[in-house]
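Below: the structure, in structure tokens.
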Amino acid sequence: MTDGNPDSTATAHSAHPQDEVAPEYDDTAIRFLEALWGEGFLSPGGPDEVRRVVADLDFSGKRVLDLGCGSGGITLFLAREYELAEIVGFDVEQPVVDLATERAAQQGLADRARFVRGAPGPLPFPAESFDIVFSKDALVHVADKEALFADIHRVLRPAGLFAASDWLTSHDGEPSEAMRVYLEAEGLSFGMASASRYEGAMKQAGFVNVRTVNRNAWYRGVAQLELERLKGPLYQPVAEAVGSDYVDKNITTWSAMQVVLDSGEHCPTHVFGMKP
């Protein structure tokens, strides 16, 4: 989500060719979200939430894909924190990939972390390229979950693991009026779906040990604090960086988001699976 969430941007299988649309995560969006969530983080929770998602993973000597890497904060965090062999950050938007590449060089991590921009569609990697596929709040931008998970399954090696956080809904079908108001406020290419849809798409693709963990209760409280900060101490410094109109727009977005978090219709969720 941008203007209101996720750590990255659309991944493969988005609805429109990248070169035909303006980036959803442009410089203004990046500056706003990083002011709220920390440098390199375009989704909530910071390093602590990332650690929760990957708590059961052994990165030692592994080749990792960060799908929908955004401006690279999480990719570089994983490269620093874990003994992985290589991590590749993939995104469909050039501004975030450029920024992530610059930060990798600045932090001395370019030998372990690299960033690739690709057009929406099938992932630009050969079959069985990665031991682990990770994603943080980016797959929400992909409407076709079945094609997405088939492609993730394709690029994983046998016994490869998938671990992600993403923004889900409590049900499929027509959203509530409150959810429609929220999605309109976001104005992003969200293709939200339920945990049942994710689990079904993963099993259809061939994943086993599929499970989901609803994180609504956690983010419901965090989002309320974010909204209070935006209205209070963060307002002036962020307005100086991106303009007061932009901050006001996001206060409206967060207020609408809080309604669907409180109702439980908006469900940040951890998602896990393994390729046999």
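The values are calculated or read from the model by the stated rules, or taken from the named source; none is laboratory data. Please read all numbers here as calculations on a predicted model, not as lab measurements. Cβ placement follows ideal geometry from the backbone for every residue including glycine, while neighbour counts extend to all protein chains displayed.
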Filter the range 167-190 down to the residues that are free of Cβ contacts under 8 Å to residues at least 60 places away in the same chain and in contact with a helix residue (DSSP H, G or I) (Cβ under 7 Å, 6 or more places away or on another chain) and list them by number.
ASP172
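Restricting attention to the range 190-221, report how many residues are buried (at least 16 other Cβ atoms within 10 Å of the Cβ) and not charged (D, E, K, R).
Initial filter on the range 190-221 (buried (at least 16 other Cβ atoms within 10 Å of the Cβ)): 190-195, 197-202, 205, 207, 210, 212, 215-216, 219-220.
With not charged (D, E, K, R) added as a condition, the list becomes 190-195, 198, 200-202, 205, 207, 210, 212, 216, 219.
Total satisfying the criteria: 16.
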Consider PHE134 carefully, then state whether it is aromatic (Phe, Trp, Tyr), touching a Ser or Thr at 6+ places or on another chain (Cβ under 8 Å) and within 22 Å of LEU188 (Cβ to Cβ).
no
Matching residues in the range 141-166 - criterion: being of a type in the set (Gly, Ala, Ser) and either free of Cβ contacts under 8 Å to residues at least 40 places away in the same chain or on the phi < 0 side of the Ramachandran plot (or both)
ALA143, ALA147, ALA150, GLY160, ALA163, ALA164, SER165
Lone qualifier among GLU240, GLU226, GLU265 - being over 23 Å from ALA193 (Cα atoms), of a type in the set (Asp, Glu) and touching a residue at least 12 places away in the same chain (Cβ under 8 Å):
GLU226
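What is the residue count in the range 38-49 for residues that are part of a helix (DSSP H, G or I), crowded, with 19+ Cβ neighbours inside 10 Å and at pLDDT below 95? Show your work before the answer.
Within the range 38-49, the subset part of a helix (DSSP H, G or I) is 46-49.
Narrowing further to those that are crowded, with 19+ Cβ neighbours inside 10 Å: 49.
Remaining after also requiring at pLDDT below 95: none.
Number satisfying all stated conditions: 0.
Looking only at the range 50-98, count how many residues are part of a strand (DSSP E or B) and surrounded by fewer than 24 Cβ atoms within 10 Å (Cβ to Cβ). Explain how you work it out, then say what you get.
Here is the first cut: in the range 50-98, the residues part of a strand (DSSP E or B) are 63-67, 86-91.
Pick out the ones that are also surrounded by fewer than 24 Cβ atoms within 10 Å (Cβ to Cβ) and you get 63, 86, 88.
Qualifying residue count for the region: 3.
Could you list all residues from the range 122-156 that are part of a loop (DSSP other than H, G, I, E, B) and either modelled with pLDDT of 95 or more or within 17 Å of the chain's Cα centre (by Cα) (or both)? Give the steps one after another, and end with the answer.
Step one: list which residues in the range 122-156 are part of a loop (DSSP other than H, G, I, E, B), which gives 122-129, 137-138, 142-144.
If the condition is that a residue be part of a loop (DSSP other than H, G, I, E, B) and either modelled with pLDDT of 95 or more or within 17 Å of the chain's Cα centre (by Cα) (or both), then LEU123, PRO124, PHE125, PRO126, ALA127, GLU128, SER129, ASP137, ALA138, VAL142, ALA143, ASP144 are the ones that fit.
Yes or no, residue by residue, for (1) charged (D, E, K, R); (2) under 28 Å from PRO47 (Cβ atoms); (3) part of a loop (DSSP other than H, G, I, E, B); (4) at pLDDT 95 or above:
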| position | (1), (2), (3), (4) |
| --- | --- |
| LEU161 | no, yes, no, yes |
| ARG180 | yes, no, no, yes |
| GLU184 | yes, no, no, yes |
| GLN204 | no, no, no, yes |
| GLN236 | no, yes, no, yes |
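Quick one: would you say MET179 is within 19 Å of the chain's Cα centre (by Cα) and of a type in the set (A, V, I, L, M, F, W, C)?
Working: within 19 Å of the chain's Cα centre (by Cα): no; of a type in the set (A, V, I, L, M, F, W, C): yes.
Spelling it out, it is not the case that MET179 is within 19 Å of the chain's Cα centre (by Cα) and of a type in the set (A, V, I, L, M, F, W, C).
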Kindly list, by first and then second residue, each pair from a residue in the range 89-107 that is polar (S, T, N, Q) to a residue that is in a strand (DSSP E or B), limited to pairs with Cβ atoms under 7 Å and residues at least 6 apart or on different chains.
GLN94/ARG117; THR101/PHE115
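Just for the range 69-107: of the residues that are acidic (Asp, Glu) and within 15 Å of the chain's Cα centre (by Cα), which one is nearest to PRO23 (Cα to Cα)?
GLU93
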